[in-house]
Every structure is written in C-alpha cells, then in structure tokens.
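Read-outs throughout are calculated quantities, based only on the coordinates presented, and are distinct from any laboratory measurement. In this text the structure is predicted, and so the values were computed from the model without any measurement. Heads up, the Cβs are rebuilt from the backbone with ideal geometry, glycines too, and the neighbour counts pull from every protein chain shown.
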Amino acid sequence: MKFAITSKGDNKSDMIKEIIYQYLMDFDLIYDEKEPEIVISVGGDGTFLHAFHSYIDRLDEISFIGVHTGHLGFYADWLPEEIEKLVIDIAKNSFEIVEYPLLSMEIHRKDTDPDCYLALNETSIKKVDGSVVLDVIIKGEHFERFRGDGLCISTPSGSTAYNKALGGAIIHPSLPAMQITEMSSINNRVYRTIGSPLILPDHHVCRFKPVDLNQHFLITIDHITKSIENIVAIECKVADQRIRFARFRPFPFWKRVRDSFISDQR
Ligand code: NAP
C-alpha cells in the first residue's frame, strides 16, 4: 500500500511524522507523495484541511487519517500515544471507509468560465469594506436580500468550526446537507433577513447574486482566502464528491463533540 504523511511543521508533529514513516517503511509499505492510497495528517484539524486541499484531485483514491499533536480534533482523532496501534492497523488490518459530505462552490464572474472549488469545512462570503449585499436564491426562487458582514456556508463536518461560532447548528456528517449562517445581518424596518441558520438538503442549489457587480469580495474556502472582483453569482450545493476516512475503531461523532466542547473526561 502507498502512503504519504503531511505534518503541521512543528517539532512534535515532524517527530511523529518521522516515527510513523519509519514504522510503515519497516512494514514494507511504499512512501508515495504523488499517488498515495492513504494520507496521514499529523497536527490538528487545520493541518488536516491543508492535507485535504493538497490531494483534492485524488479524493476517490485516498483514505485519510488524522493524528493530532495538540488538543483533540474532529478530523485528527488519533493520539500520539496510539501511533503503534495505528501503524499495525494500517499495515496488517483491513479498515472500514467512512465518507463525509463536501461543499461544492462555483464562482461565476463576468466574461469567464466559472471557477469551481470544494470545501471540507465551509466557504464564507465577506468584504473588506462595507456590507455584503446579495440576493439569496434557493432552488431558483428568490428567498431574501441579505445585507450584513457576510454569509458562511458549511458542510456537516465543518458545522463544529466557523459555523458553530456563528450560532449554527451542529450537523451529523452522515447527513448530506449544507448550512447557511449569517454574519451580523442588518435587520430593521427597511432590511430583513431570516435571521436563523438554514439547513439545505443535497438536491437544493443555493445561488448568491451580488446586487452591485463592481464589488470586491473576500471568499474563503476552508483556510484559503481569495479576493475576487466582478462576481455575477456564487452557486453552492452539496458536492458529488466525498472525503473518505480510514476507520479502524469506532469514535462516534457525538463523543468527539462532547470531548471537544463539553468535557474531555472519557
Ligand atoms: P485557524 O484560525 O488557525 O484555526 C481555526 C480553529 O478551527 C483551529 O483551532 C482548528 O483546530 C479549528 N477547526 C478547524 N476545523 C474544525 C472543525 N471541523 N471542527 C472544529 N474545529 C475546527 O485557521 P486554520 O487552521 O487555517 O483553519 C481554517 C478554519 O478556521 C476554517 O475552515 C474555519 O472553520 C475556522 N475559522 C473559525 C472561526 C471561528 O471559530 N470564529 C473564524 C474563522 C475561521 P486545530 O487547532 O485542531 O487546527
């Protein structure tokens, strides 16, 4: 089996990367950064996002594993002290594959083909100066005109990240859905938005149409930020592609939620 390892780059993560590398090579696995079947991310959830985007063109061929070297993570759910067990599992045992939904986003600009992106956590639409003003169109029907700091459109596994900080719900990653949360919408007698997060199923497309086409938007896709002008529309939906995780033991999502946000007592 071919594997690759990515590291956060700090001393601890690099050391653990080296240990995993040596163990797996001793088990006669093949290190292949270009075409791995397994990608092991060592760091935290942020490091995992980098690993995901590094291998975004080969999602169908790869199973991801996350080892965390800081606090407990959602994607990085193996502890450094569990590495020996993990390595033996990878080398000797078959594993279950668990798939999580992703978000697909198309940015349509004037006079060019659309740019397509995939997000593991979320995309957000913001501006450097002034309010974001855009029409929200769900399944072809005008839903509202949004005015405010911006919107976050998250995946179920991203619902514990930026989305949660914005008051969004936590969604179990077995549900193929996307969630739209507002950032400080303007609500008064003149302007009105729904105010609550919206959870859309996988057959609904949501289109965001800027009212003024000459605006400069800041679009984030997970950890990546892009500054984009002349946006005609942004289209979001649950992606056809999914991310695959190699699972060697049960670690229920709600347990990870509890351990991360309520208590780490096991
Ligand atoms: P960062 O600002 O360095 O770290 C953001 C934090 O989010 C880290 O603590 C990271 O965990 C955690 N995180 C990432 N994905 C998560 C998930 N699915 N569930 C729970 N926590 C998660 O930024 P970054 O490392 O480049 O990561 C980009 C992400 O930051 C974005 O995708 C967005 O979700 C998140 N973000 C959050 C806020 C907020 O909460 N107010 C604001 C902006 C962006 P680790 O420490 O394990 O890496």
| What ³J(HN,Hα) values, in whole Hz, does the Karplus curve 6.51 cos²θ - 1.76 cosθ + 1.60 give for the stretch 216-231 when θ = phi - 60°, with x put for Gly and Pro? | 9, 9, 9, 10, 9, 10, 6, 8, 9, 10, 10, 9, 10, 9, 6, 7
| request: Please list, in chain and number order, the residues 5+ apart from G66 or on another chain whose amide H is under 5 Å from its amide H, with Hs placed from the backbone. | output: S41, D77, W78
| remark: the stretch 140-266, convex hull of Cα, quarter of hull surface, nm² -> 9.9 nm²
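Around G158, what is the net charge, scoring Lys/Arg as +1 and Asp/Glu as -1 over all other residues with Cβ under 12 Å from its Cβ?
Details: positive: K164; negative: D45, E122, D222.
With Lys, Arg at +1 and Asp, Glu at -1, the net is -2.
What number comes out for the charge environment of T181, summing +1 per Lys or Arg and -1 per Asp or Glu over other residues with Cβ under 10 Å away? Can you show the working numbers first?
Details: positive: K164; negative: E122, E182.
Net local charge, T181 excluded: -1.
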| field | Highest to lowest packing among 194-206, 122-134, scored as the average C-beta count within 10 Å | value | 122-134, 194-206
| said: If you scale each eigenvalue of the Cα gyration tensor by 5 and take the root, what three semi-axes come out for the chain, rounded to whole angstrom and sorted largest first? | reply: 37, 19, 16
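Quick check: from the Cα gyration tensor, does the stretch 1-153 come out rounded (a/c under 1.5), prolate or oblate? Don't skip to the answer; put the middle values down first.
Values: a/c = 2.79, a/b = 2.23, b/c = 1.25.
Since a/c reaches 1.5 and a/b is larger than b/c, the shape of the stretch 1-153 is classed as prolate.
Write down the Å³ per residue value for the convex hull defined by the alpha carbon atoms of the stretch 87-144. It would help to have the intermediate numbers written out before the result.
Details: hull volume 11.4 nm³, N = 58.
Considering the Cα atoms of the stretch 87-144, their hull volume per residue is 196 Å³.
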